[in-house]
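Comments concern the structure below.
The values are calculated or read from the model by the stated rules, or taken from the named source; none is laboratory data. Values in this document were obtained by computation on a predicted structure and should not be read as measured data. What goes into the accessible areas is simple: the full protein's heavy atoms, side chains included, and nothing from ligands, DNA or RNA. Shrake-Rupley method; radii C 1.70, N 1.55, O 1.52, S 1.80 Å.
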Amino acid sequence: MIEDDEGHARLIERNIRRAGVNNVIESFRDGTSALAALFGPDGSGEINAGRPLLILLDLNLPDMTGIDILQKVKSNPHLKRSPVVILTTTDDQREIQRCYDLGCNVYITKPVNYEGFANAIRQLGLFFAVMQVPESA
């Protein structure tokens, strides 16, 4: 999960857990540390080859945009099959289309109010409980 808002990150994780998803969730508050973990010390991404990953990505990060991260992940041969779920407050239709064009799998706009956001995350948790993550080639 790449999310700079600690409150949102806790809410996301709590509701994913409530939906019965028990996978390890690694949290990153900025793009730099997330990319370092995804691409590894040599920068190739091979460290995560064959590892089923699901990336939850906010577009508004302190050090870079989520678009930059999405482009890097989807252009890497070891990571390109990893599903990417965009979770952001940005609801601009051009931005949404751009994310899908770059290969995001799901785009969810965070509702502004807490209840709406909590409900969206509960539904996301249920979605994760039943989805299949493809194996990397």
Checklist line | Cα gyration tensor, region 1-76 - rounded (a/c under 1.5), prolate or oblate | finding: oblate
Checklist line | DSSP-defined antiparallel bridges as percent of all bridges, region 21-116, nearest 5 | finding: 10
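Suppose accessible area is computed on protein heavy atoms with a 1.4 Å probe; arrange 88, 32 from highest to lowest.
32, 88
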Check: residue 115: accessible area at probe 1.4 Å, nearest 10 Å²?
Finding: 110
Next item on the list: Compute the separation of the alpha-carbon centres of region 36-52 and region 87-101 and state it in Å as a whole number.
Entry: 26
